[in-house]
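Working notes, beginning with the structure itself.
The values are calculated or read from the model by the stated rules, or taken from the named source; none is laboratory data. Since the model is a prediction, treat every value here as computed from it, not as a measurement. Here the Cβ is made from the backbone with ideal geometry for all residues, glycine too, and neighbour counts use every protein chain on show.
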Amino acid sequence: MHVVIMGCGRVGSTLALRLEQLGHTVAIIDRDGGAFRRLPKDFAGQSVVGVGFDRETLVEAGIERAEAFAAVSNGDNSNIISARVAREQFGVQHVAARIYDPRRAEVYQRLGIPTVATVRWTADQVLRRLLPAASEDEWSDPSGRVIVAQIDVPASWVGRRYSELEAATGARVACLTRLGVGQLPKKDTVVQEGDIVHFALVREQLPEVERAVAAGAEGGSH
């Protein structure tokens, strides 16, 4: 498919190259022509100098035939305006915008614009490296309220059903990884040693769920 990217910084240039490697056609927009120096000489895509929310610039980049648009410049407002223009005026189906202020994520979500909050993502990555044994926030919705987190399940749960684990914690087991293979637990799926368990829950529930999991099968039973 054809993808238009606004912003040829480190993220935009990396994204453009990755998409091209996957066989897609790419056009990348930046108001600074010097930014395109980040692209290799053999980049086959189109480089367009201009503002990402300008109609003529977008048309030159092929927005009318694009199936996806990514706004990853260093300006929150520019990214959101560009994403809205791509979706609302040109009908691009897949749109995403990077933002630096995670407090805006919920507002943008209401506008139907999926966002990537750079500050929150960076903080999460640092925490994963500082606290490798702690619960890992692996995914969150744009508002940051609903998350999927990996929580270590103690050996006392081995042999008990995942349905019991859900009942004790009040959280859903989104999936588990067993011997390197992901799977969705059924009602009669039993916890095995070495299972990596991923819970879906509201962020505020995390401390309570961690305590219930750590309490073990007996302590967590009602």
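Quick check: anything in segment 128-146 outside any helix (DSSP H, G or I), among the acidic types (Asp, Glu), at pLDDT 90 or above and surrounded by fewer than 18 Cβ atoms within 10 Å (Cβ to Cβ)? Write out each step before concluding.
Of segment 128-146, the ones outside any helix (DSSP H, G or I) are 131-146.
Narrowing the set further to residues that are among the acidic types (Asp, Glu) leaves 136-138, 141.
In the following step, the residues that additionally are at pLDDT 90 or above were identified as none.
Within segment 128-146, not a single residue is outside any helix (DSSP H, G or I), among the acidic types (Asp, Glu), at pLDDT 90 or above and surrounded by fewer than 18 Cβ atoms within 10 Å (Cβ to Cβ).
Which is of a type outside the set (A, V, I, L, M, F, W, C), crowded, with 16+ Cβ neighbours inside 10 Å, in a helix (DSSP H, G or I) and modelled with pLDDT of 70 or more, of Arg120, Arg84, Arg98, Arg103?
Answer to the check: Arg84.
Would it be correct to say that Thr25 is modelled with pLDDT under 95 and polar (S, T, N, Q)?
no
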